[in-house]
Amino acid sequence: MNLELLLPELSLLITAIAVIMLDLFTERKGLLTVVSIAGLAIAAGFAITMWGTAPQAIFNNMLAVDNYALFFKLLFLGIAVLVILVSVDYVSKFARFHGEYHALVLLATLGMMLMTAATDLISIFVALELAAISFYVLVGFLKDKKSTEASLKFVLLGGVASAVLLFGMALTFGFTGTTQLPEIAQVIKGMSTQSLLANPGLILGLVLMIAGFGFKIAAVPFHMWVPDVYEGAPTPITLYLSVGSKVAGFAVILRVFYSAFALPEPLSLDWGMIFAILGAIGMTLGNVVAIQQANIKRMLAYSSIAHAGYIMIGLAAIGLSPTTDTLAQSSILFYVVAFTLADLAAFITVIAVSGKLGSDQISDYAGMGKQAPILALALSLGLISLIGLPPTAGFIAKFYIFSDAVSNGLLWLVIIAVLNSTISAYYYLRVVKVMWLNEPVGEGKVPSSFTLRLALAISCLGILLLGIAPDFIIKLAEMATSMFGF
Amino acid sequence: MSLGLEHYLVLSAALFSIGLYGALTKRSAVVILMSIELMLNAANIALVAFSRYIVPALLTGQVFTIFSIVVAAAEATVGLAIIMAIYRSRETIDTTKIDLMKW
């Protein structure tokens, strides 16, 4: 067995433990930030050196090391660096528990990295829970009324979801006799269409697993926790939930359904259609309810529900043409990166503004264009990318995922999605209007620290870069899906 | 009459349904947590029964169960800690009264 294939994960784990230990011995809490970022950079370095090598399985086929996993690992490591950078101001307000905060962020990252590599139902479940339990604690970190309420809702609903997921996995195991995804694929391929469709246990297992994973990615109707948790959680953690946890959920779904349940045709048509319908409901509900939100964190929560719906169009396209389609996978991967960057830009601005005003109400953003033009520009850029207008990353991402769906015969779904994009323009642009056209209510500038500005600059550059020259990431995404090992 | 796989699966499905019913209807956060444990254990029974009857030569289901018990314990710990925190800030764990954020 090759332990060096696990070096990114191991270095992250060691960093997490080191951060907790260091917290006991040092008074300079800034050191924790530096150590965390160094650990993440080392892990990313190891991951980069593995890029492009042949896929390998480790721990008795529990985990795969392939380009697909490495793509997401690097994405999560990058997101984690930005999350820790924007947490600097936030964490300095805490009296205690700096070490635990950083360690939990690192452990959540570790869980999500393992999620993308897991190729066995057991390792998927354990990795998913590692990430989820870290997030339960992080959401309640402020210990005030809102934060604990968000945390309680998250842990209770998340517990139900993981029980449903486990029951689905138990049924899948029972009717295939194995927990390893490639072997499940072999068993299912061997079944005749009739015996497959006359096997309600397996179908029920599949549906329960979709429900369990649907909770992770905030698919309607498993989205009820999203707005409350996003509003109550510390804003850097809201940011991490919306870009990290959701993306990890999609990475797992793509691997499970593509490598285990892709064939035979009737089965993949079934789950493809389920994702198409969930996607259509998700984006419609997300966008319509987002219109009436007065709190920007809740608005972004509903917007992320809507974006989960858009990404499910890509999943549906794979389900409807499972054998040939690597484009749909790479279009999902590209969309995920574009969404991540846009959401990062939006949430980092929200962190900066709420640090100054102590408020997340959209009406308090009035006059931002005069008081803090850079921040207002960054937020506008993020929101425009979320709408999907050129020259931003969101435009290219939507273009790819929609054109892919049309070529797979999902025209009706794309029409719904385009109508939804139009609706979404209304509430995104309302924020832009409030910032640039309304008169300021308070006075003074919005201060922002160096680390915050750095993180903001990185995400804004990313949005523009992906919007103007998307070739590089598209190439990486295609490499990732063509080297889809197991 | 000897016990077969079906008996275990019916038991597991019944426990799962009772747990889900409890999680959806109970008001006390602690009872909801207990209901979630019931659902997880229903899945564990199904796993072990499947493992014993479908692939008796392997221990896949049993191993899965050990992992899921550990995960359930961790989840219950965190859940109870959060319930403690919420009790300290509002003196209640009635979920219908924990409603600061809606819609």
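Given the structure, is residue A:68 closer than 21 Å to residue A:329 by Cα, among the hydroxyl-bearing types (Ser, Thr, Tyr), in contact (Cβ under 8 Å) with a residue 40 or more places away in the chain and surrounded by 19 or more Cβ atoms within 10 Å (Cβ to Cβ)? Against the criterion (closer than 21 Å to residue A:329 by Cα, among the hydroxyl-bearing types (Ser, Thr, Tyr), in contact (Cβ under 8 Å) with a residue 40 or more places away in the chain and surrounded by 19 or more Cβ atoms within 10 Å (Cβ to Cβ)), residue A:68 qualifies.
From the set of residues in the range A:81-97 that are more than 19 Å from residue A:450 (Cβ to Cβ) and not charged (D, E, K, R), which is modelled with the lowest pLDDT?
Restricting attention to the range A:81-97, the residues satisfying the condition of being more than 19 Å from residue A:450 (Cβ to Cβ) are A:94-97.
Now narrow it down to the ones that are not charged (D, E, K, R): A:94-95, A:97.
Working: A:94: 78, A:95: 74, A:97: 86.
Checking each candidate, the answer is A:95.
Residue-wise test of (1) farther than 29 Å from residue A:71 by Cα; (2) within 15 Å of the chain's Cα centre (by Cα); (3) within 9 Å of chain B (Cβ to nearest Cβ).
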{"site": "A:172", "(1), (2), (3)": "no, no, no"}
{"site": "A:177", "(1), (2), (3)": "yes, no, yes"}
{"site": "A:198", "(1), (2), (3)": "yes, no, no"}
{"site": "A:201", "(1), (2), (3)": "yes, no, yes"}
{"site": "A:206", "(1), (2), (3)": "no, no, no"}
{"site": "A:239", "(1), (2), (3)": "no, yes, no"}
{"site": "A:244", "(1), (2), (3)": "no, yes, no"}
{"site": "A:254", "(1), (2), (3)": "no, yes, no"}
{"site": "A:261", "(1), (2), (3)": "no, no, no"}
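Please state which one of B:36, B:18, B:69 is farther than 30 Å from residue A:299 by Cβ, within 7 Å of chain A (Cβ to nearest Cβ), within 12 Å of the chain's Cα centre (by Cα) and not hydroxyl-bearing (Ser, Thr, Tyr).
Numbers: B:18 fails: within 7 Å of chain A (Cβ to nearest Cβ); B:69 fails: within 7 Å of chain A (Cβ to nearest Cβ).
None of the other options fit; the residue is B:36.
Just give me the residues in the range B:15-41 being of a type in the set (A, V, I, L, M) and over 14 Å from residue A:159 (Cα atoms), in sequence order. Outline the logic, then answer.
First, the residues of the range B:15-41 that are of a type in the set (A, V, I, L, M): B:15, B:18, B:20, B:23-24, B:29-34, B:36, B:38-40.
B:15, B:18, listed by residue number.
In this structure, residue A:288 qualifies as in a helix (DSSP H, G or I), surrounded by fewer than 19 Cβ atoms within 10 Å (Cβ to Cβ) and aliphatic (A, V, I, L, M).
Each residue in the range A:410-426 was checked for being in contact with a Ser or Thr (Cβ under 8 Å, 6 or more places away or on another chain) and over 12 Å from residue A:280 (Cα atoms), and 1 of them qualify.
Show me the helices (runs of 4 or more DSSP H) entirely contained within the range A:340-422 in which 3 or more residues are of a type outside the set (A, V, I, L, M) and surrounded by fewer than 19 Cβ atoms within 10 Å (Cβ to Cβ).
Numbers: elements: A:368-371, A:373-387, A:393-407.
Correct list: A:393-407.
Candidates B:24, B:47: the one that is more than 11 Å from the chain's Cα centre (by Cα), facing chain A (nearest Cβ under 9 Å), surrounded by fewer than 19 Cβ atoms within 10 Å (Cβ to Cβ) and in a helix (DSSP H, G or I) is B:24.
The single condition among (1) surrounded by fewer than 18 Cβ atoms within 10 Å (Cβ to Cβ); (2) touching a Gly at 6+ places or on another chain (Cβ under 8 Å); (3) over 20 Å from residue A:175 (Cβ atoms) that residue B:97 does not satisfy is (2). Could you go through the range A:148-162 and let me know if any residue there is polar (S, T, N, Q), within 28 Å of residue A:68 (Cβ to Cβ) and more than 10 Å from chain B (Cβ to nearest Cβ). So far as the range A:148-162 goes, no, none of its residues is polar (S, T, N, Q), within 28 Å of residue A:68 (Cβ to Cβ) and more than 10 Å from chain B (Cβ to nearest Cβ).
For the range B:75-98, the criterion of being under 13 Å from the mean Cα position of the chain (by Cα), facing chain A (nearest Cβ under 7 Å) and assigned to a helix (DSSP H, G or I) is met by at least one residue.
The values are calculated or read from the model by the stated rules, or taken from the named source; none is laboratory data. These numbers were taken from a predicted model, which means no experiment stands behind them. When we count neighbours, we look across all protein chains shown, and the Cβ atoms used for this are built from the backbone with ideal geometry, even at glycine.
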